[in-house]
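Derivation of every value follows stated rules applied to the coordinates shown; laboratory data play no part. Keep in mind the model is a prediction, meaning the values are calculated, not measured. Quick reminder, even Gly has a Cβ in these numbers, built from the backbone with ideal geometry, and neighbours come from all protein chains shown.
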Amino acid sequence: MEILTWVLTGFLAAVFLGAGAMKLLTPYASLTENPQMAWSRDFSPGAVKAIAAAEVLAAIGLVLPWVTGIAPVLTPLAAVGLAITMVGAMVVHGRRGEWPALAPNAALLVLALAVAVLRFGQL
């Protein structure tokens, strides 16, 4: 079970580290021009960067506390935070009528909840 937990955690961390870093490093004007990032037009540049920073920090929080043994409770809490982020993303995409975007958000939500449950069970 530990291997499965690490595979899920690593995948989730990689996805959110990549997505967050992309949003942090890409200028707001370029993000809004990307059809797959059309939702970013509904948010201020600062809000988009804050979302991106939260994703990067959560990705780090999924791995680092558990690996170091320092405050390992932060790992499932980071997973819960990502699950909440995915619920928010689903609401935004749903309001915009971007139905195809709901599937990946739902999958990431389920993965985040799985990591949270698995890690809370190991505390």
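Multiply the residue gap between I60 and A47 by 0.36 nm, knock off their C-alpha separation, and tell me the result in nm, one decimal place.
2.7 nm
If neighbour count is taken as other Cβ atoms inside 10 Å, put T26, T9 in order from fewest to most.
T26, T9
Quick one: order L25, L17 by neighbouring beta-carbon count within 10 Å, fewest to most.
L25, L17
Any idea what angle helix 102-120 forms with the longest principal axis of the chain, computed on alpha-carbon atoms, 0 to 90 degrees, nearest 10?
20
Please give me the summed charge of the neighbours of L57: other residues whose Cβ is under 15 Å from its Cβ, Lys and Arg +1, Asp and Glu -1.
+1
Note down the nm distance, to one decimal, between modelled labels 7 Å out along Cα→Cβ at A19 and at M1.
With each label point 7 Å from Cα toward Cβ, the separation is 2.7 nm.
Please work out how much length the chain gains when fully extended from V73 to V91, using 0.36 nm per residue of separation minus the C-alpha to C-alpha distance, in nm with one decimal.
Full extension from V73 to V91 adds 3.7 nm.
Taking the Cα centre of the range 2-120 as origin, work out the dipole magnitude from +1 charges on Lys and Arg Cβ and -1 charges on Asp and Glu Cβ, in debye rounded to 20.
My answer is approximately 160 debye.
Based on Cα coordinates alone, diagonalise the gyration tensor for the range 1-119, multiply each eigenvalue by 5, take square roots, and list the semi-axes in whole Å, largest first.
26, 16, 11
Under 8 Å for C-alpha pairs, at least 6 residues apart: give me the relative contact order for the range 2-120, rounded to a whole percent.
Reported as a whole number, the value is 27 percent.
Considering only C-alpha atoms, what is the centroid distance from the range 8-48 to the range 63-92, in Å?
Value for the Cα centre distance between the two parts: 18 Å.
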